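The structure appears below as structure tokens.
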Amino acid sequence: MPAHAQTDPTGPDSVTVRFVGGVPPVCQIGGSTDTRGSFDLGVLIDTQTGLLRRNLAPPQKELGDTWCNAPSEIEISAIELTPQGATAQLRSGFTNAIHYTATASGWTDTAATYRTDGATTQRDAVQTAPDPRVVPLIITASDFRLREGSATRPLASRAYLGAIRVTLRPLP
């Protein structure tokens, strides 16, 4: 037999196996079902005058455990309150839309804000967070108003419905 085939190995052998994986950018708006529920505004008008109440101030919604593991963008939009099932014709002095300002704060230094009687695309409705974060998101509705002016009266309806939409997305 040749001499080199008869020698013993000189020590232990080893190999390094590396791990490869990734974490995709993800955002999640937290909050329980209770905190994600509707704003209850109650009676919208002063029943003596029929005019929109000036003191409408629903409590804010705090959506805890909101997070993004990457830089992110928050965007808010809203739909005005409109009467459901109202069949009356609009006449001078009456309206079928109650406008307001929707705000998402706490995520960025500047709150994302949307006015329902503003343009479809609003510059202040989108804000950017430059780094990952975990913070409560605060949603508010304020400054309730009628486009036609404060002397206008909303149409009668058992339910006025509107909506606020908040979108949280990771940036590439």
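Computed from the coordinates by the stated procedures, all read-outs in this text should not be read as laboratory data. In this text, all values refer to a predicted model and were calculated from it rather than measured experimentally.
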Margin query: I need the phi-derived Karplus couplings for region 38-50: 6.51 cos²θ - 1.76 cosθ + 1.60, θ = phi - 60°, integer Hz, Gly and Pro marked x.
Written below: 6, 6, 9, 8, x, 6, 8, 10, 7, 5, 7, 10, x
Next item on the list: In whole Hz, with x marking every Gly and Pro, tabulate ³J(HN,Hα) for region 69-86 from phi via Karplus 6.51 cos²θ - 1.76 cosθ + 1.60, θ = phi - 60°.
Entry: 8, 8, x, 8, 10, 10, 9, 10, 9, 8, 10, 4, 7, 10, x, 9, x, 6
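Work out, in µm²/s and without decimals, the Stokes-Einstein translational diffusion coefficient of the chain at 37 °C, 0.692 mPa s, Rh from Kirkwood over C-alpha pairs. Numbers along the way, then the final one.
Details: Rh = 19.7 Å.
My calculation gives 167 µm²/s for D.
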